[in-house]
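The values are calculated or read from the model by the stated rules, or taken from the named source; none is laboratory data. As the structure is a prediction and not an experimental result, all values here were calculated from the model. Neighbour counts are summed over all protein chains in view; Cβ atoms, including those assigned to glycine, are modelled from backbone coordinates with ideal geometry. Note: areas computed on protein heavy atoms with side chains; ligands, DNA, RNA excluded. Shrake-Rupley method; radii C 1.70, N 1.55, O 1.52, S 1.80 Å.
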Amino acid sequence: MNRILPLLHFLPFFFATPAFAQTDSTPILFVGATVYTIAGEVIEDGAFLVRDGKFEVVGNRSEVEIPNGAQVIDVSGKTIMPGIVDTHSHLGVYGKPSVAANSDGNEMTGPMQSFVRATDSIWPGDPGFRIARAGGITTINIMPGSGNAMGGQTAYVKNRGNTVEDMLIRGDEDFRYGMKMANGENPKRIYGKRNETPSTRMGIAGLQRNRFLKAREYMKKWERYEKNLEKDPDSEKPERDLDLEPVVEILEGKRPVHFHTHRADDIMTAMRLADEFGFRLILHHVTEAYKVVDEIAKRKVPCSLILLESPGGKHEAVNLTFENGGLLEKAGVKTCFHSDDPIIDSRFLMRCAALAVREGMSESEALKALTINAAEMVDLEDRIGSIEPGKDADFILLSGHPFSVYTRVLQTYIEGEKVFDISDPEYRIYATGGFGVEDRYPALEVEK
Amino acid sequence: MKIFTILLLTCLGILVLAPVAHSEGIAVQADKVHTVSPSGTIENGVVLIRDGKIEKVGTAGDIEIPEGYETLKASRVTPGLIDAHSVVGVSGIYNVDADRDHNEDTGPNQASLRVIDGFNPTEPLLDYLLRFGVTCIQTGPGKNNPIAGQMAIFKTSGNTMNSSLVKSPSALLINLGESPKSTYGGRNKSPSTRMGTAAVIRQAFIEAQIYQEKLEKYEEKKEDKEGKEKNPPDRDLNKETLMKALNQEIPVVLNADREDDILTGLRIAVEFNLDLILDGASEGYLTADRINEAGAPVFVHPTMQRIEGLETYNTSLENAALLSQEGIPIAIQSGYESYVPKTHLILFEAAIAMVHGLGFDKALEAITLSPAKILKVDDRVGSIEAGKDADLVLFSGDPFEYTTHVEAVLVNGEVVYRLP
């Protein structure tokens, strides 16, 4: 399988593009746009100052003073909102083109892969990241796939940079990324075919319970050791277990679980596990959430929704409805939307929220879903998800209302740095497609 | 037959909808009627419907609504949407063996297969399509076989194959590129390469030509020298179908995405003088001049199709616009999805093509009149004109806006969907 050549297409571009340049200290004032701050009312004729990668002042044009030496950018008539947070994506672990060589999302050599880290699979050269910038996505939870009952550790990244280290948001001992878990058809299909566990839903839950119980014992073993150490410095140290360490962090509440689940009974199974082991749970996909909405609301479990244009393709997705978002909102459940890229192209994540609005979700909740709600689900609500002083200056410039089909993402900024501009042909080709044949890409008559 | 169809649809209508008093006909009133005909968009328009057909189209000022007509109101009205290439009806919503009937991949030449023999008119996805205004689809076999079989055109309402059928066969489906070679290559069978796929197709057409010569010779002289009756050549359904394509009695829908695959398709079409419709054509924009020269219309891939494998790596949201600006007739298709979502919706695909250079009028045409013309069913469907089937979609606003609702759908003059 010689599939190297197509990859070379964009390598020169990859290396030619400067890594996000060091943040310029010149403050920039954006004036004139309709600003959806998400933190409060929509500001017409708004103004906000960006300095050192952060929002400094936000308000109406009349309220914001122009500091000395500031660059002023007039964006009158345009719309600005916070950068979109995608809580569930496979960019970089399922890189484009989607050939076996780029398939690094599912370590399907065993159903419980708590020790693998998405960080170690992420390919920053995946053109999908640039495509996602054209869709206004600035922060991403990159997840292992759902082939395993426990798929591995996720990674929270900013959508910029040439190395995974440039992209990662913290990840230190005091800030752990999520754990991907899955139930339903995918794990049982993969292992059932091999006559291995799990081949049933109860098999999946059995493995998961077992792992949590083991982790609980392991945690106690270490606690005992720490205690014994006080009395006896020569106490025998337990062996480190990379499979159990991250699960202990889940039990300690440091690491949330991002749980792939569709059918109502699978959602209940995920919550039953969380009830038993007391972990922080974020439900993902939740095709049938509307059927058990009271149970979800009662437990205050946030839901990250997928909104595909049609149902089916697998049994557990047959009852998909655009109404899911609105029904969850009415029950008081916190929601967001995710791309599951490549399942939904990152450029169309905003469209998912618009389609939820079509079927009953309020516009304000749909906007929160794309930004602050999603930020909360990755523990980053203090840094991103709204346009407020002190937060990272991650925002997007739109040509019109966020939920109109006629609206285009014009520019994307991460920490004050422009990472997408549709007027620049080098970026525009990622908004349209055709980046593999950039030198031959024809011009549209209407834009000539 | 026709009476039977109308009766059946009427029964279905009564079963599905709240019973309404029998009316003489239906009058649809809208702020804008997008006729997709020389009449263009009629402001404050009226469409009169009687006996399943469009009776009259004009402005509210010009048309008097006859007594006894039921009146339906909407913001916008368009013709029923036509999906140029779908697999709905043969590739089911559950995507399990039990409802997968699109790939007879037991041999690379399946010309004799007719999609009408695998079409499930009660497939739930047909109802789903209807709710988004799709009233007519050309559906067909999948992508695995080089010569995949015969496609057919159906209305999306109706509960038997016959009551839904518009035309069969509507086209012969031929597939190039990654699917056929990976299907058979994986089994160490032919074709396992692109040249293998092309050779399998050429071989089949050449054998069909030889068969046709034999048939013609037999027709010329049915007796031998001694005056005894000769046996006719054995019937061969594969070759008979390929003959129809060779004689341009049916068009060939040829799926090809990569530029070189498209050019291979053109090469085969020229060699056998086929009535070619290009299908997919992800890299069509790179070779629009050659496609135009060949006079081939294009059923453009779903605008938002994923980059899958290598042949769709250069997919562009502007492909429809770039082909159209070259003067190539285009229609937008929903194509085939192997996983989730199970199908695309041409309403949404056209919307994205619209904002990526195609514009409103051409985007609407690409899912109404254009596919009807390319498939030669424009005498019945594709525009709002007197005499055509009364297939209409009533919208609450701009048909392409995300937040607009389809409020009602009419097929053959019957209201088959109403927004709850």
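Of the candidates B:287, B:264, B:303, B:241, the single residue that is within 13 Å of another protein chain (Cβ to nearest Cβ), touching a strand residue (DSSP E or B) at 6+ places or on another chain (Cβ under 8 Å) and not small (Gly, Ala, Ser) is B:303. Filter segment A:186-211 for residues that are in a helix (DSSP H, G or I) and more than 19 Å from residue A:105 (Cβ to Cβ) and give the result. Matches in segment A:186-211: A:192, A:201, A:202, A:203, A:205, A:206, A:207, A:208, A:209, A:210, A:211.
Find the residue count for segment B:107-125, including only residues that are more than 14 Å from the chain's Cα centre (by Cα), outside any loop (DSSP other than H, G, I, E, B) and of a type outside the set (D, E, K, R). Number of matching residues: 3. Scanning segment B:310-358 for residues that are touching a His at 6+ places or on another chain (Cβ under 7 Å), at the interface with chain A (Cβ under 7 Å from one of its Cβ atoms) and among the small types (Gly, Ala, Ser) gives a single hit, B:321.
Are any residues in segment A:37-75 of a type in the set (Val, Ile, Thr), more than 18 Å from residue A:398 (Cβ to Cβ) and touching a Ser or Thr at 6+ places or on another chain (Cβ under 8 Å), and if so, which ones? Hits for segment A:37-75: nothing passes. Where helices (runs of 4 or more DSSP H) fall entirely within segment B:302-420, those with at least 1 residues that are basic (Lys, Arg) and touching a residue at least 24 places away in the same chain (Cβ under 8 Å) are at B:360-365, B:369-374. Inside segment A:191-211, can you point out the residues that are open to solvent by 30 Å² or more (accessible area, probe 1.4 Å), at negative phi, out of contact with any strand residue (DSSP E or B) (no Cβ under 8 Å at 6 or more places or on another chain) and not charged (D, E, K, R)? Result: A:197, A:199, A:200, A:202, A:206, A:210. Residue A:327 - would you say it is part of a helix (DSSP H, G or I) and more than 14 Å from every other protein chain (Cβ to nearest Cβ)? Spelling it out, residue A:327 is indeed part of a helix (DSSP H, G or I) and more than 14 Å from every other protein chain (Cβ to nearest Cβ). I'm told residue A:369 meets every condition in (1) over 20 Å from the mean Cα position of the chain (by Cα); (2) open to solvent by less than 20 Å² (accessible area, probe 1.4 Å) except one. Can you identify the failing condition by its number? Of (1) over 20 Å from the mean Cα position of the chain (by Cα); (2) open to solvent by less than 20 Å² (accessible area, probe 1.4 Å), only one is false for residue A:369: (1).
Number of residues in segment B:319-366 that are of a type in the set (D, E, K, R) and surrounded by fewer than 24 Cβ atoms within 10 Å (Cβ to Cβ): the value is 4.
What about residue B:296, is it in contact with a helix residue (DSSP H, G or I) (Cβ under 8 Å, 6 or more places away or on another chain), buried (at least 24 other Cβ atoms within 10 Å of the Cβ) and without any contact (Cβ under 8 Å) to a residue 60 or more places away in the chain? Yes; evaluated as a whole, the condition is true for this residue. Against the conditions (1) within 14 Å of chain A (Cβ to nearest Cβ); (2) buried (at least 20 other Cβ atoms within 10 Å of the Cβ); (3) not small (Gly, Ala, Ser), residue B:110 satisfies every one except (1).
Residues in segment A:402-427 that are open to solvent by 30 Å² or more (accessible area, probe 1.4 Å) and facing chain B (nearest Cβ under 10 Å): A:406, A:408.
Annotation note: Cβ proximity below 9 Å between a residue of segment A:352-366 that is more than 10 Å from every other protein chain (Cβ to nearest Cβ) and aromatic (Phe, Trp, Tyr) and a residue that is crowded, with 16+ Cβ neighbours inside 10 Å and part of a helix (DSSP H, G or I) (sequence gap 6+ or interchain) occurs for no pair. Quick check: anything in segment B:52-60 closer than 16 Å to residue B:411 by Cβ and open to solvent by less than 40 Å² (accessible area, probe 1.4 Å)? Yes, that holds for at least one residue.
Does segment B:269-276 include one or more residues that are out of contact with any Ser or Thr (no Cβ under 6 Å at 6 or more places or on another chain), open to solvent by 50 Å² or more (accessible area, probe 1.4 Å) and either touching a residue at least 40 places away in the same chain (Cβ under 8 Å) or of a type in the set (Phe, Trp, Tyr) (or both)? Yes, segment B:269-276 contains a residue that is out of contact with any Ser or Thr (no Cβ under 6 Å at 6 or more places or on another chain), open to solvent by 50 Å² or more (accessible area, probe 1.4 Å) and either touching a residue at least 40 places away in the same chain (Cβ under 8 Å) or of a type in the set (Phe, Trp, Tyr) (or both). Among strands (runs of 3 or more DSSP E) entirely within segment A:124-166, having at least 3 residues that are under 13 Å from the mean Cα position of the chain (by Cα) singles out A:137-142, A:155-158.
Taking segment B:126-243 and the helices (runs of 4 or more DSSP H) fully enclosed by it, the elements with 1 or more residues that are open to solvent by 10 Å² or more (accessible area, probe 1.4 Å) and farther than 30 Å from residue B:313 by Cα are at B:161-164, B:194-220. If you filter segment A:271-306 down to residues that are assigned to a loop (DSSP other than H, G, I, E, B) and open to solvent by 10 Å² or more (accessible area, probe 1.4 Å), you find that the one that is farthest from residue A:85 (Cα to Cα) is A:278.
Taking the criterion of being of a type in the set (Asp, Glu) and either touching a His at 6+ places or on another chain (Cβ under 6 Å) or more than 10 Å from chain A (Cβ to nearest Cβ) (or both), the residues of segment B:388-417 that qualify are B:389, B:391, B:407, B:414. Looking at residue B:375, is it in contact with a Leu (Cβ under 6 Å, 6 or more places away or on another chain) and more than 14 Å from chain A (Cβ to nearest Cβ)? In short, no.
Quick check on segment B:243-254. Is at least one of its residues on the phi > 0 side of the Ramachandran plot and in contact with a Ser or Thr (Cβ under 9 Å, 6 or more places away or on another chain)? Within segment B:243-254, none of the residues are on the phi > 0 side of the Ramachandran plot and in contact with a Ser or Thr (Cβ under 9 Å, 6 or more places away or on another chain). On the basis of being within 14 Å of another protein chain (Cβ to nearest Cβ) and either of a type in the set (Asp, Glu) or within 20 Å of the chain's Cα centre (by Cα) (or both), does residue B:279 make the cut? The answer is no for residue B:279. Quick test of your reading of the structure: residue B:253 fulfils all but one of (1) open to solvent by less than 40 Å² (accessible area, probe 1.4 Å); (2) in contact with a helix residue (DSSP H, G or I) (Cβ under 7 Å, 6 or more places away or on another chain); (3) aliphatic (A, V, I, L, M); (4) under 22 Å from residue B:362 (Cβ atoms). Name the failing condition by number. Here residue B:253 clears every test but (2).
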